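We did not get these values from a lab; they are worked out from the coordinates using the rules stated. Keep in mind it's a predicted model, so treat the numbers as computed, not measured. Neighbour counts run over all protein chains shown; Cβ positions are idealised from the backbone, glycine included.
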Amino acid sequence: MLLSFVIPAYNAADYIKSCIKSIFALDLHGRDFEVIVVNDGSTDNTAEVLEDCMREYALKTISQDNMGPSVARNAGLSYAKGKYVAFVDADDELISTSDISSLISLMEGDAPDIIGVNLRQRDFNGKEAPYRRYVPTYNKCYAPAYKFMTGRNIFPCIPAYMFRKEFLDRKGLELFPKKFHEDEEFTPRAFALADSFVALNIDWYLRILRKESITTTTDPEKQKRNIRDMLRILARMTDFAMKSPHLRIAMSCKLDYMVVDLLLLLHKQGHDKEFQREVLAELRRMGCFPLRWRNDLKYMAFNLWTRIFL
């Protein structure tokens, strides 16, 4: 089996069918694949929609109590039989019109540990645009993969990559359970441990923004939980980077920009002074604040702003 698709689904009744349909519409040139949907304790009629989908598509479904997307992804990963694993969010879709023949050839050939693809994003108004933080050098093999991380704020979004299952199993790689922003921790760690990475210029994945998702919620308590989870992820990543000199170098840029993202979120969401002090105190404890200096004008300007106003 060439490819396993793992979909965590929580209260996804309104869009899970479109997600599944987009996967089965892909032209995989006759290669065998599987779709594993993990129903993460949904309280709507997601289970009924999945039963309906199973009459039309060859799905594998797993049901569990609600434990969050990272635990659901880990559950699906444990059942995956494909040479590669692709993670798909239930409220997103794959771009079935793309020619993925080069992706299939790469999977069947040299088989790098990580393969990168392009993402697009559809906003609340239906407008689509590329969704990424960098333009990678396509068709170049980075070996080991951490060489690609050095000096880059790598894109952490898990659906932007496919992972060789044997590599994940050999390194014991799973997602950090019961935390938001789990891809911020998983993806850099995967790059730090992988032997090889290749990016392809293929529009593969469509991220669809939804109101009141984890990343767009306006609930102050949920926002605070998000930020506290980001702090926990940052602490784990900092501890991981300290394991060797090459990891410290490779992950330095990513860690700095994780702090930038956290501080921007803290400011943008307008949290109370007590919570701001809590966050800054934890960043200081980890040695992440004040920010380190970098040779980047926008970064330096933001660094100065934080030193004056935070």
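Quick notes
- Pairwise Cα separations in region 220-309 fall into 10 Å bins from 0 onward with the following percentages, short to long: 15, 50, 30, 5.
- Calculated FRET efficiency for the pair Ser98/Ser18, C-beta based, R₀ 25 Å, to 0.05: 0.90
- Sorted by Cβ neighbour density within 10 Å, fewest at the top, the residues Phe309, Phe289, Phe275: Phe309, Phe275, Phe289
- Helical mean residue ellipticity (222 nm; -39500 (n - 2.57) per DSSP H run of 4+; nearest 500) of the chain: -13000 deg cm²/dmol
- Lys147 versus Asp32: modelled label distance in nm, points set 7 Å from Cα along the beta carbon direction: 3.5 nm
- Cut-off under 5 Å, modelled amide H: who pairs with Ile202 long-range: Asn118
- Neighbour-limited loop hits for chymotrypsin sites (Phe, Trp or Tyr not before Pro), region 70-169 (at most 10 other Cβ within 10 Å; DSSP other than H, G, I, E, B): Phe124
- Sorting His267, His181, His29 from the fewest to the most surrounding beta carbons within 10 angstrom yields His29, His267, His181.
- Dimensions of region 44-147 from C-alpha coordinates, computed as largest minus smallest value along each principal axis and given longest first, are 44, 38, 28 Å.
- What the Cα convex hull of the chain gives, in volume per residue, is 137 Å³.
- Residues of type aspartates and glutamates that Lys211 reaches as a straight line, Cα spacing below 17 Å, ignoring anything fewer than 8 places off in the same chain: Asp14, Asp89, Asp91, Asp92, Glu93, Asp123, Glu128, Asp219, Glu221
- Given the chain, longest segment not containing exposed loop GluC sites (Glu not before Pro) (DSSP; at most 14 other Cβ within 10 Å): 57-211
- Among Lys17, Lys211, the ranking by other beta carbons within 10 Å of each residue's beta carbon, starting with the fewest, stands as Lys211, Lys17.
- Span-like helix criteria (full DSSP H runs; alpha carbon extent of at least 20 Å along the helix axis; mean Kyte-Doolittle hydropathy of at least -1.0) are satisfied in the chain by 220-241, 245-268.
- In this rough spin-label picture, where each label sits 7 Å from Cα along the Cβ direction, the His267-Leu304 distance is 1.3 nm.
- When the charge dipole of the chain is built from unit charges on Cβ atoms (+1 for Lys and Arg, -1 for Asp and Glu) and taken about the Cα centre, the candidate among Gly126, Tyr299, Leu265 whose Cα reaches farthest toward its positive end is Tyr299.
- Length gained when the stretch Lys211-Arg122 is fully extended (0.36 nm per residue, less Cα-Cα span): 30.8 nm
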